[in-house]
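One structure is given below, encoded as structure tokens.
Read-outs: derived from the displayed coordinates by stated rules, not from any lab. Computed from a predicted model, the values in this text were never measured in an experiment. Cβ coordinates were reconstructed from backbone atoms using ideal geometry, including for glycine residues, and neighbour counts include every protein chain displayed.
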Amino acid sequence: MHKLQVEKFLSQVNMIFSQGYLYQGEIDISIAEASYHYLVDNIEKFSHTTPLNSKQNKSFKHISTKAITTEFKQISTNAFSQMQTQLCHVPLALTLLSDKTQQQYAIVFSSDHGYLDAQSANHLYGLLINIYNALTQNDTSSLAQLITQTQQLTTYSANEFLQHTQNELTPEQHKHNQQNIETYPFHHSPINQIDQEIFKTYSATKQIPYIREYNLNTFINQHRSQAQNQHLTKNNLICAAIAKSYAKTNQVDKLTFAMAISLATETQRQTCLGNYVLTVPVSVNTQQASVAEIAEQIQTRITQCKQDKEQISRFLGRERHLTEPLKPVQDPIAYYVTNWTNQNTLRNKITPHNSQFLKQIGALNAQPKSLTESSYISKQGIVINLSPNNQLTLSLTPSISGTTLLETVLESIEL
């Protein structure tokens, strides 16, 4: 029984996302495995659909490799064969990659999107590392507290979540938001047509993630050098650069993309486990506009959306809509953008003992269960991951239509 309609929907679209955390140093493999079992075996939500406990279903793996990024792509590509079998369904798997020649290792979290979103996975990752550190230091008191925190994680229904987070709307607020939603300017992009043959071809093809890495130091200095631009976030500047590249590649001046917004704060994530994120359309005019000017348009849109709590109205509307039988959709959005950056690892608040955090990478794979569900991935998404020293990783989510348009966009982006 799904408490959130969006989780029932996501289980049908069938997505698994993988997050890789690369470190300099060494990790104790046996303690890492024990930490994983402490985590997943104490999450009540996971117990309903996993017939075997985590030690029996082989959801922890260790792989020695000299090519960590390449191995990460393979994990994403083969995620369904590891996590969804006839014997069990694993909501969260962990793969440990180690390169002893470089004294580096990566911890890869692979999560079933039907159970949680990337920000919830980030919180679980923090619990995992804290459990690992407690075990390495034989800190039984901290370990007990962390297990209790894990056991208390709850998935709330839409109304329970709004009550829990004090985000309920008045009828007047909701009416105001509905009017804004209906009148928001929208620039339609070409529809990617799909049919049963396209669906069969996609289903028979392994989805290898497309990942590119960038150094943002020059880009950030260039666009934040002027005082009036220093308030612009890195995320919005990156989104602006993507939009500018997309517009140039497609020879358009205006476009609408969808940006993911978290409904829960970092503090609220400590008790809420689930899919509390949604996308809102963001329309921009790139004609003769600088990256900073486009970023200003994006930031103004997102700020106003949060002030009005428009995302809450959209959240409630989505939950109501998903109670009805799924129908094929024709998606007019140009593309989707989501940021999976784990701020606690980026700020070095949570790091395994005797290790230095280097970078975070991400990838998403999807195996829709029918043609109807596949229509919901007719457009690609872009995943943003920020790492120390202004390192950026962008990855593309798969599209049922097989388009490579965004590859061209990311290859020509000026970062």
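Below are the figures for this structure:
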quantity	calculated
Coarse-grained scattering of the chain at q = 0.06, 0.08, 0.11, 0.13 Å⁻¹, given as base-10 log I(q)/I(0) from a Debye sum over alpha-carbon atoms	-0.24, -0.43, -0.85, -1.23
Residue among 378, 225, 387 with the largest mean-square fluctuation in a Gaussian network model of the chain, springs linking Cα atoms under 10 Å	225
Kirkwood-based shape ratio for region 5-151, expressed as Rg/Rh from alpha carbons	0.96
Residues 244, 45 arranged by fewest to most Cβ contacts within 10 Å	45, 244
Theoretical FRET efficiency, 1/(1+(r/R0)^6), r = Cβ-Cβ of residue 193 and residue 78, R0 30 Å, to 0.05	0.55
Sparse-neighbour loop sites [GluC sites (Glu not before Pro); region 80-178; at most 16 other C-beta within 10 Å; DSSP]	168
Filtered chymotrypsin sites (Phe, Trp or Tyr not before Pro), region 177-227: DSSP coil and at most 15 other beta carbons within 10 Å	186
Ranked list, fewest to most other Cβ atoms within 10 Å of each Cβ, for 115, 184	184, 115
Reach of residue 244 by Cα under 29 Å, taken over lysines that are not fewer than 8 positions away in the same chain	73, 234, 254, 306, 309, 359, 379
Radius of gyration and maximum dimension Dmax of region 254-380, Cα, Å	17.6, 51
Span from the region 1-33 Cα centroid across to the region 89-155 one, whole angstrom	9 Å
Candidates 171, 332, 281, ranked by Gaussian network fluctuation over the chain, Cα under 10 Å, top entry	171
Residue order, fewest to most surrounding Cβ atoms within 10 angstrom, among 347, 269, 224, 212	347, 212, 224, 269
Highest-fluctuation residue, 163, 152, 367 considered, GNM on the chain with Cα pairs under 10 Å	163
